[in-house]
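Structure record follows, encoded as structure tokens.
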Amino acid sequence: MGKYFGTDGFRGEANVDLTVQHAFQVGRFLGYYYGQNHKDGRARVVIGKDTRRSSYMFEYSLVAGLTASGADAYLMHVTPTPSVSYIVRVDEFDCGIMISASHNPFYDNGIKIINGQGYKLEAEVEEKIEAYIDGTWGEVPLAKRENIGRTVDYAMGRNRYIGYLMTLPTRAFKNVRVGIDCANGAASTVAKAVFEALGAKTYVIHNDPDGTNINEGCGSTHIEDLQRFVLEKELDIGFAYDGDADRCMAVDEKGQLIDGDKILYLCGRYLAGKGELPGNTVVTTVMSNLGLYKAFDKKGISYEKTAVGDKYVFENMMEHGYALGGEQSGHIIFSKYATTGDGVLTSLMVMEVMLESKRRISELFNSLHIYPQLLQNLRVKSKPAAKADPDVMAVVQQVEQELGTDGRILIRESGTEPLIRVMVEAATDELCEKYVAMVIDKLKEKGHEES
């Protein structure tokens, strides 16, 4: 990770860690950098945003920077992150920018940059942007007269993405009762239209963004509202997205959670049965549940484990030609259709599996036993120092020995916040609590907790 760019772009509290000046400088550099690929120096950059109040502020700052460097800025307005990735590819933009802090609170925001192939921006380009921000790159020339860039309304790009999603399912959703939680975020512009066009009886909650209610007690990180909603309305299935709609969690007709691991299991078995799972392999991260791996072993499905982050999942998929990968948090990538996690696409694929099976969604997980899991975060002064502390690691090793093959422990640094994450899987919730507490207590005892 760089000074400003983490595993998921440049993220922080709006006008504290990420300021309008930063956004202007990012725009200035990108306009200049990609303009060098054109004889007239005019790059084409497409921008989307989520519903945070500060997203408009950063959109205008980015546009000012881009056009000042001679680039044309195309505005998709409020739209999911995967829609920007899709439009960058199909309409041959130099790059795309998504303004979002994903599942974070409304006062945070972020700048995600997507290259011309629809992938997350290369680390070497991020390093150049950081050097420009810090003043070590040098000056970037200002465009003048007719070379100043234009701003173009490109809402049609979002509509094209909606149309693309509608073409993917092979069967109609007629008479299926579906609940959708849009997290008061970017999915509010897309999800309902897609499901209704496909014939589902669609019931929507948290679809009224006001700039400050994104992810607030709703969406994929607060699944309880959707669980209650599915039960109250007697729905067949429910889907919840995060702020920029690149994640999806689901709820079965009994109100039980279907997380990313369960989705990988469901879709992995489905694709394998159709002979459409290259290498008979699903790509996961180290956070996936032990129960998922044991279930895959029983079904003869192989798996890869990457570092946490859909960026690493996708890199592994591209390197080996795999079709399915994702995270427990609901970032699921279907490489046949997308180059990034896509919440609405994921929900369409889950619908496809359910409808083809002609069974209730809850009946499709009988062979999967998910181990109890507890994840606790601790805000620390220094992530590297906390993780490298020999006394802390001694406790981690002790836990590993006591768990043996009936569980596991993982301690890692957050990619976007000053947090150490401690995760334990074990046979019971009580064991999870015991072992997580042992590590957290040692971190505090050694003075790593931020006061």
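The values are calculated or read from the model by the stated rules, or taken from the named source; none is laboratory data. Small disclaimer: the values here were computed from a predicted structure and weren't measured. So basically every Cβ, Gly included, is an ideal-geometry build from the backbone, and we count neighbours across all protein chains shown.
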Exercise. Checking L198 against (1) surrounded by 22 or more Cβ atoms within 10 Å (Cβ to Cβ); (2) in contact with a Pro (Cβ under 7 Å, 6 or more places away or on another chain); (3) under 25 Å from N175 (Cβ atoms), which single condition isn't satisfied?
Worked result: (1)
Exercise. For region 394-416, does any single residue satisfy the condition of being assigned to a helix (DSSP H, G or I), at pLDDT 90 or above, over 23 Å from N289 (Cβ atoms) and touching a strand residue (DSSP E or B) at 6+ places or on another chain (Cβ under 7 Å)?
Worked result: no
Problem set entry | So E356, is it touching a helix residue (DSSP H, G or I) at 6+ places or on another chain (Cβ under 8 Å), assigned to a helix (DSSP H, G or I) and surrounded by fewer than 18 Cβ atoms within 10 Å (Cβ to Cβ) | yes
Exercise. Within region 226-243, how many residues are within 28 Å of E363 (Cβ to Cβ) and buried (at least 17 other Cβ atoms within 10 Å of the Cβ)?
Worked result: 12
For this session: Residue by residue through region 275-292, note down the ones that are at pLDDT 95 or above and surrounded by fewer than 19 Cβ atoms within 10 Å (Cβ to Cβ).
Result: G275, E276, P278, G279, N280
For this session: Kindly indicate whether any position in region 84-92 is in contact (Cβ under 8 Å) with a residue 12 or more places away in the chain and either in the same structural domain as A186 (by TED's automatic domain parsing) or in a loop (DSSP other than H, G, I, E, B) (or both).
Result: yes
Exercise. Restricting attention to region 314-321, does a residue exist that is over 26 Å from F239 (Cα atoms) and of a type in the set (D, E)?
Worked result: yes
Exercise. Can you find a residue in region 337-347 that is of a type in the set (S, T, N, Q), in the same structural domain as E425 (by TED's automatic domain parsing) and modelled with pLDDT under 95?
Worked result: no
Problem set entry | Pairs, first in the same structural domain as E13 (by TED's automatic domain parsing) and surrounded by fewer than 17 Cβ atoms within 10 Å (Cβ to Cβ) in region 107-133, second assigned to a strand (DSSP E or B) and charged (D, E, K, R), C-beta under 6 Å, six or more apart | Y107/E13
